[in-house]
Structure formats: structure tokens, C-alpha cells
Ligand code: EPU
């Protein structure tokens, strides 16, 4: 792709990946038809559909709408080849336990952003009465339960999919489940809306507490998934770093407070055109450095720090990013440096790292660093770079948009995991980007 071209025009935010994946899991909870609209056409969804199909769900697809229907005869084993690709494949464990009494789940894969264990999910399910054993020889969790029972689960640390796993397990359980210190991410609430539309009884009683009254049966429904917050942030940064003007449709500013504040502080401009349309551009020529600490919702999302780093390469002075959610999410740094970025690692001083960080401190490897320092402004130049994970992929594309000359990005399939037809949509904004099939 060629850099140095301002992006101008309109783009519509696709449906949220991190709701679409869980909507596929929700369909296992009923034998009736579940119709989901605004499903992004991305690789992770394709893979998740293969997972549920392998369990006995029939799928019909028409562009951004999917129809899922259980055959009524569910299988309880997720094939290793699907499970290894995708972390959310493990989330079928609750619905399978509820509906078949057993589940065999491979230790999940997903983006390479740290150890990413599922201990918080497993512990919660055990509390509900499931017997779960891990066999290190074949890499499978073997779970069984006669009937899951409602309990009080107090998460020691925030877990987004862990909270959703427990919700998906509790909807058909006997009695009431209370989730304390539950994740507050808006995607969790979208999943709750979908499940309540299927007849579940779930309510968020305060910011971090969710109560689920188990019901006997769920029914079919039709549901439209919320737009993807991470995409909107990507388009906002794309507008600012390229000195263009991008009008974003299906925008949800109400979910982006933690991004908009530093974005404006850095010199980005945000104009609300109507409830769901926002124009993003650059307020002034000079971008200012702003320090970021990632956090669970309503904080600055971990998914935004990689694209944010590209904006900060264009900022005056030194800025820092302190990653607190994952222990290894700076895979893009080496690649950005190939384009001329000046970034070094540092170790932020933290008094109680065991409780401060969202990941399990014991999973940390000695040569990981939780902070980076970015010095700018730097005129990035073209390079041949390789994508390691989804958000890093979007980041390298943004960097190449800013850089002089033609860049070559390997591993585009990582971006396809979460961004629908990214090169086609960027071309409509004027980017000179093409996919080279190898
Ligand atoms: N963790 C554990 N044990 C657990 C669960 C989590 O150690 O049982 C650790 C994780 O390794 C991580 C931290 O706790 O260090 C937080 O994990 P969390 O469970 O909150 O994250 P997640 O559910 O694995 C989801 C999204 C991520 C997003 C985070 C934060 C999905 C499929 N994934 O991950 O999205 O970054 O929440 O909001 O919903 C992406 O879209 O590319 C992506 C990685």
C-alpha cells in the first residue's frame, strides 16, 4: 500500500465481533430459530460458525444476517482444529453442559496476546456444580454436570468473556446466579439483551453486578448486534493520522468516552452530526502527546492502544502507553520501528502488581514489559512488516497509511479475523491499498 494520502469520505461501522461470536454460542441454548442481523463478515465469525455447526447447529447465511437452528441432537465435543483457532470456542461449555450434561473443549487458541488462560471460567463453572478435568495429554477439558446450580460468583479480577461464559451457563441453571465484580463492557450488555429476547431473566443490578434467574427453556428470537467500538476507534485514528475527514455511520459516541477525551486532547476533532453519525478529523496540524493507561470498561480499552501508538508517533514529545489488561500486547512495536518509529519499552512502577494488573501476575514472563515510550513526531517510512495479532494488524495498516512510499504487509489474514473487507473499505476512503494473493 502507498502512504501519505489523506482519507476522506464515509464509512459504516460493522457489527461488533465480540458480540457476534457469543450470539453463535447463544443459539445452542434453544432448538428454535435464532436470527442475527449486522453480523460482520470476518474470519473469526466464520470459524465460530464452524464450531457451532460441528455441534449440530444448522446455519443459513445471507450477507450480514445469519440464521441458526439446533437440530435438537447436540454433540458435545468441539473438534481440536476449530478450538485451537479461537478463544471463544470454549464458551460453548456452559450451553453444552446445560443442554447435554457434558462438554469436551480444547484448550482455546486465539490472538497471541499473552497466556490467556480460562481459569476464571472453569472455577465459576465448578462452583455451579460442574466436574471439570483437564487432560494435558490431549489438551481437552472434560466437563460434566447433571444440572448446573445458581451460585454467587465473585470474580477476583475483571473478565469479559469469563462473565459471559457464566451468564451463558446460568440462564438455564437451577436457581439464581449472582455475578459480582462482573465485566461492565457494553458488549456484555448486548449479549444480555439478546438472551433476554430468548426468554432469559438477566439483569444488571449495578455497574459490576449481574443477577441471572435460571429459566427452564429459551426460545428463538431475532436480534441486531451493536456496532463495533474498536472499528470506530480505528476509523477515527485513520482520519487524524492521515489528516483527512472521515464520516462514520452507525457511530456510538456514548460508548467511546474513554477514547474521545484523549483523542481531542491529542488534537483530534470529533463532530457529532446526528445520534449515529460522527465526523472525525484533525483539529490542528500539531498532534500533542497524551499518556494512556489501558483498563477494563469504562477505561481506555486494551484494543485501542495499538492504533493509538500510531497517532502518538506523530505527536510532539514523548508519550507513554501502560498496558494493564494483557501481559503481552506490544507485538507491533518491532514492526513500527522498522518504519522509523522511535519506541522503547519501560517498566512502569506499580506497588501491587498482583492486584493491579488484570492478567494473572504469575503468567508474566520475565522479558515482558508493560509500558512503551513513544517519541515524536517521526515521519514514518515504508517497510515490509508482518502482522502478529488482529489489533496489531490494523495498527500496521494505519502506520503504512501515514508512511511515505509503498509498504508491504504480511499476514493480512490476522486483520480479516476482525475487520470486514478492510482494504475495500479503505479504498473507498481514498487509500491506495490492495491485497496480493500469495
Ligand atoms: N484472564 C485469565 N484467566 C481467565 C480469564 C482472563 O488469566 O480465566 C486474563 C486474560 O489473559 C487477560 C485478562 O485476564 O490478561 C483479561 O481477560 P478478559 O477475560 O477480560 O479478556 P477476554 O475475554 O479474553 C475480551 C475480548 C478481547 C478484549 C478483552 C478486553 C472477546 C472474544 N475478546 O477478551 O478482544 O481485548 O475482552 O475487553 O470478547 C479482540 O477483539 O481482538 C480482543 C482480543
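No value in this document is a laboratory result; all are computed from the given coordinates. On a predicted model such as this, the values are computed, not experimentally measured, just so you know. Glycine also receives a Cβ, built like all others from the backbone with ideal geometry; neighbour counts cover every protein chain displayed.
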Discussion item. Suppose we keep just the DSSP beta bridges with both residues in the chain; what percent of those would be antiparallel, to 5?
Written reply: 70 percent
Worksheet entry | Compactness of the range 1-76, expressed as Rg and Dmax over alpha-carbon positions, Å | 15.9, 55
Discussion item. Counting just the Cα atoms, what span does the chain cover along each of its three principal axes? Round to the nearest Å and put the largest first.
Written reply: 62, 49, 44
Item to complete: Take the alpha-carbon centre of the range 51-67, take the same for the range 142-182, and report the distance between them in whole Å.
Response: 26 Å
Worksheet item: Once the range 271-314 is represented by equal point scatterers at the alpha-carbon sites, with solvent omitted, what log10 I(q)/I(0) does the Debye formula produce at q = 0.19, 0.32, 0.34 Å⁻¹?
Response: -0.82, -1.02, -1.06
Worksheet item: If eta is 0.890 mPa s and T is 25 °C, what Stokes-Einstein diffusion coefficient results for the range 195-262, Kirkwood Rh from Cα pairs, in µm²/s?
Response: 161 µm²/s
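Taking the mean number of other Cβ atoms within 10 Å as a proxy for protection, how do you rank 403-414, 127-138 from highest to lowest? Don't jump to the answer; show the numbers that get you there.
Details: 403-414: 17.1, 127-138: 14.0.
The densest-packed peptide leads the list: 403-414, 127-138.
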Practice prompt. Alpha carbons only, please: Rg and Dmax for the range 47-94, in angstrom.
Written response: 10.8, 29
Worksheet item: So what are the three principal axis dimensions of the range 1-148 from its Cα atoms, in whole Å, longest to shortest?
Response: 58, 37, 25
Discussion item. How large are Rg and Dmax for the range 232-354 when calculated on the C-alpha trace, in angstrom?
Written reply: 14.7, 44
Fill in: Taking the C-alpha atoms of the range 297-362, convex hull volume expressed per residue in Å³
108 Å³
Fill in: Fraction in percent of alpha-carbon pairs per bin - 5 Å, the range 394-438
5, 21, 35, 30, 9, 1
Discussion item. Return the Rg/Rh ratio of the range 103-245 with Cα-based radii and a Kirkwood Rh.
Written reply: 1.04
Worksheet item: What would the Debye formula give as log10 I(q)/I(0) at q = 0.10, 0.15, 0.19, 0.21 Å⁻¹ for the alpha-carbon point model of the range 290-438, no solvent?
Response: -0.36, -0.78, -1.17, -1.35
Worksheet entry | By average C-beta atoms within 10 angstrom, highest first, the peptides 359-369, 388-398 | 388-398, 359-369
Discussion item. Please report the equivalent ellipsoid semi-axes of the range 343-408, computed as sqrt(5 x eigenvalue) of the Cα gyration tensor, largest first, in whole Å.
Written reply: 31, 15, 9
Discussion item. Could you tell me the relative contact order of the range 332-421? Use alpha-carbon pairs under 8 Å, at least six residues apart, and round to a whole percent.
Written reply: 32 percent
Item to complete: For the range 144-197, take the alpha-carbon Rg, divide it by the Kirkwood Rh, and send me Rg/Rh.
Response: 0.96
Fill in: Kirkwood-based Rg to Rh ratio, the range 372-413, C-alpha trace
0.98
